[in-house]
Amino acid sequence: MKSDELPEGLPPERLAPPPPSANLMAAVGQMRPVRTRSRLGAFAAVAVAALAVPGWVVASHALRRDLGALPRGWVVAAAALWAAAFAVSLGAALVPARGDVLPAPARGSRAGLSAVLALLVFGLCASVEAPGFSLRPEDVHMSLLGSAGHCARFALLMALPCLAVGLLVLRRLAPMGGARLGLALGAAGGALGGLVLHFICPIATAGHVVLGHVGGMALAAALGAVALPLARKR
Amino acid sequence: MDAEATEATQLMTRYCAGDAAAFQALYALLAPRLLGYLFGLLRDRAAAEDMLQLTFLKLHEARASYVTGANPIPWTYTIAHRTALDELRKRKRARVRLTGDGALPSEPAAHVTGVPVETHQDQADRASPEATRQAVAALDRLPEAQKQALLLTKVHGRSTAEAAMIAGTTPGAIKQRAHRAYLTLRQLLSKDGEPAPRLTKEAP
């Protein structure tokens, strides 16, 4: 069976349309020139809005007490990974491919999930503790889940500005595949939360980083995936 | 970018710059194919025409979202697609639709292909009313997502990447849905014992 053979009688590709309605022509008659969008405009606007609060948090909070004792290369690599996860996810959610008007939903979900997965693997395999400086959940009288929940909530909070501004932009663009693009947007916000935690959270065990920091990012991604389709309906 | 996409891009750019004549030309270029797509989804010519007007009204309101130099055709399909989905959801919610005077609306006519433009007149003429009726009935039995994928890729010649963007899914899912739709359609049309008549169409 060849895939380019179609059954007879399917609706035709083109139909003779009616002329534009009076309403439409009235709207067109009153139109003024508009400034069109640039491919990177929405990305830049959301990135600036998203970075403001986390930037202020890092600047105003004390940095983690083990930062100086950790290998500098690892600190930079981990920060770069969180930052890349933010940029890649946000780009996939908001930047259309060259020649397109809308961002591609498939690219959004792929980027968001890949970012979460990459940080999960990094957290599991490459978490580093500085003995005597880094803390464990029991050092602050918390269980693993308790400390992870605390950091996940913080990551979600840091993700909110990114999610809110991104949702406003995407809601106006009204693309299909809102859940996929929302996922990427949430992952971007969550990655930003993880980046902030990387600099201020002194609990360095792999379990805490995976459950609390990456878990917070995953929660933000899930929140974005639910929120954008809902925002579209309103 | 093909010639039609290039023309649409130039027209859209002029339209955004406030040229009303460019809008007319853009409407003439895109409305026939959008109406064909909307009719394929809605199976109701009058509703499809209403949705076409609504699609262009939405395009007009959203023209500032256009990215200069981009191909506007997949975008207009996306707007039409969303407009049709909203209409289909409304229909699902309304159990019985009555006309203005409270009567039940008449069934859509059996001859539902409408009037194709000249370029497709031959193709439309070759489809017998019985084949059309069967194809339409079979198309209506397909799941919504499969129907969309089939119409976009096989009837409207959109690439899988474009169709994925229009329907909001992945290219892999579009391929799979279109293939399943195609198989189901052929199965439905050959159920009466006779093999379904075939019409070769250029692959996208």
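The values are calculated or read from the model by the stated rules, or taken from the named source; none is laboratory data. All figures in this text were calculated on a predicted structure; none of them were measured in a lab. For neighbour counting, all protein chains shown are included, and Cβ atoms are generated from backbone atoms with ideal geometry for every residue, glycine included. These area figures cover heavy atoms from the full protein model, side chains too; ligands, DNA and RNA do not enter into them. Shrake-Rupley method; radii C 1.70, N 1.55, O 1.52, S 1.80 Å.
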Filter pass, A:Ser127 being away from chain B (no Cβ under 14 Å), among the hydroxyl-bearing types (Ser, Thr, Tyr) and crowded, with 20+ Cβ neighbours inside 10 Å: no
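Residue-wise test of (1) free of Cβ contacts under 8 Å to residues at least 40 places away in the same chain; (2) part of a helix (DSSP H, G or I); (3) surrounded by 24 or more Cβ atoms within 10 Å (Cβ to Cβ); (4) in contact with a Ser or Thr (Cβ under 9 Å, 6 or more places away or on another chain).
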| site | (1), (2), (3), (4) |
| --- | --- |
| A:Ala83 | no, yes, no, no |
| A:Phe86 | no, yes, yes, no |
| A:Ser89 | no, yes, yes, yes |
| A:Ala93 | no, yes, yes, no |
| A:Pro103 | no, no, yes, no |
| A:Ser109 | no, yes, yes, yes |
| A:Leu113 | no, yes, no, no |
| A:Leu117 | yes, yes, no, no |
| A:Val121 | yes, yes, no, no |
So, in segment B:138-183, of the ones that are part of a loop (DSSP other than H, G, I, E, B) and more than 8 Å from chain A (Cβ to nearest Cβ), which residue ends up most open to solvent (accessible area, probe 1.4 Å)? B:Pro143
Restricting to segment B:53-71, count the residues that are among the polar types (S, T, N, Q), open to solvent by 20 Å² or more (accessible area, probe 1.4 Å) and part of a helix (DSSP H, G or I). 1
If a residue must be within 7 Å of chain A (Cβ to nearest Cβ) and in contact with a helix residue (DSSP H, G or I) (Cβ under 6 Å, 6 or more places away or on another chain), how many such residues does segment B:54-65 contain? 5
Tally, over segment A:194-234, of residues that are of a type in the set (A, V, I, L, M, F, W, C) and closer than 15 Å to A:Pro137 by Cα: 9
So, of the residues in segment A:162-191 that are more than 18 Å from A:Ala115 (Cβ to Cβ) and more than 14 Å from chain B (Cβ to nearest Cβ), which turns out to be surrounded by the most Cβ atoms within 10 Å (Cβ to Cβ)? A:Leu167
